[in-house]
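The structure appears below as structure tokens.
The values are calculated or read from the model by the stated rules, or taken from the named source; none is laboratory data. Quick caveat: nothing in here was measured; it's all calculated off a predicted structure. Neighbour counts run over all protein chains shown; Cβ positions are idealised from the backbone, glycine included. The protein model used for the area step is the full one, side chains on, heavy atoms only, and it has no ligands, DNA or RNA in it. Shrake-Rupley method; radii C 1.70, N 1.55, O 1.52, S 1.80 Å.
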Amino acid sequence: LVAPSRYDSYGLAVQEAIGREVPAVVSSHAGVSERFPAALRSLVLADPEDANELAGILARWASDRDRLAADVARFAAELRLQTWARTAEQIVERIEASGPAPR
């Protein structure tokens with residue numbers, strides 16, 4: 001999957017692709033890029049307007065496909081553990097940890 005978004009607050013389609021172990025090239029302008037582990041940072045496009053950068057990422061992916069497939073599989077397993085219930089718990093934990101609301 002190639003998702004060179006100029007802006008995307010998260011990119012659920014990218015997460016769904018990875019969850020199915022489909023490698024994804026994503027723009028750094030998409031919130032989901034923040035979740036990419038170090039092993040997959042080579043799939044993050046710094047500038048969604050740069051076709052040469054995208055071509056380079058795709059060429060590197062093609063030459064290192066087997067290693068990246070294993071890294072995508074590990075990331076997919078991690079993402080599949082994140083349920084809606086766990087996400088809601090984490091949101092509540094972060095809100096409560098931030099302290100009382102300002103008056």
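Some observations on this one:
- FRET efficiency estimate (nearest 0.05) - Cβ-Cβ, Arg103 to Ala59, R0 41 angstrom: 0.15
- Identified option (computed mean projected area of the Cα convex hull in nm²; candidates [x] 6.5; [y] 6.8; [z] 7.8): [z]
- The range 8-92: relative contact order as a whole-number percent, Cα under 8 Å and 6+ apart: 31 percent
- Calculated from backbone phi, Karplus (6.51, -1.76, 1.60) coupling profile of the range 33-39 in Hz, x at Gly/Pro: 4, 5, 7, 4, x, 3, 5
- Apportionment of accessible area to carbon and sulfur, the range 1-70, percent (1.4 Å): 54 percent
- Angle in degrees between helix 84-97 and the longest Cα principal axis of the chain, rounded to the nearest 10: 60 degrees
- Neighbour cut-off at most 13 other Cβ (10 Å), DSSP loop, chymotrypsin sites (Phe, Trp or Tyr not before Pro), the range 1-88: Tyr7, Tyr10
- Between amide H atoms placed 1.01 Å from N, distances below 5 Å from Ser27 occur with Ala3, Ser5, Leu45, all of them 5 or more places distant or on a separate chain.
- If you sort the three axes of the alpha carbon gyration tensor as a ≥ b ≥ c, you get a/c of 1.5 or more for the range 37-80 and a/b no higher than b/c, which makes it oblate.
- Cα-centre dipole for the chain with unit charges at Cβ (Lys and Arg positive, Asp and Glu negative), debye to 20: 200 debye
- The shape of the range 1-61 comes out oblate: with a ≥ b ≥ c from the C-alpha gyration tensor, a/c is at least 1.5 while a/b does not beat b/c.
- Taking Gln90, Gln15, Gln82 in turn, the Gaussian network model of the chain (Cα-Cα springs below 10 Å) assigns the largest fluctuation to Gln90.
- For the chain, built as a Gaussian network whose Cα springs stay under 10 Å, the top-fluctuating residue of Ala51, Ala88, Ala39: Ala88
- GNM on the chain, alpha-carbon springs under 10 angstrom: the most fluctuating residue among Val32, Val92, Val22 is Val92.
- Dipole of the chain [Lys/Arg +1, Asp/Glu -1 at C-beta], most positive-end residue of Gly56, Ala39, His29: Ala39
- Surface accessible to a 1.4 Å probe, Arg35 within the full protein complex, Å²: 80 Å²
- Once all protein chains are placed together, Asp8 keeps about 50 Å² accessible to a 1.4 angstrom probe.
- For the range 54-59, putting each phi into the Karplus relation 6.51 cos²θ - 1.76 cosθ + 1.60 with θ = phi - 60° gives couplings of 4, 4, x, 4, 5, 5 Hz, in residue order, rounded to whole numbers and with x for Gly and Pro.
- Only the Cβ atoms of Lys and Arg (+1) and of Asp and Glu (-1) were treated as charged; on that basis the dipole of the range 1-43 about its Cα centre amounts to roughly 80 debye.
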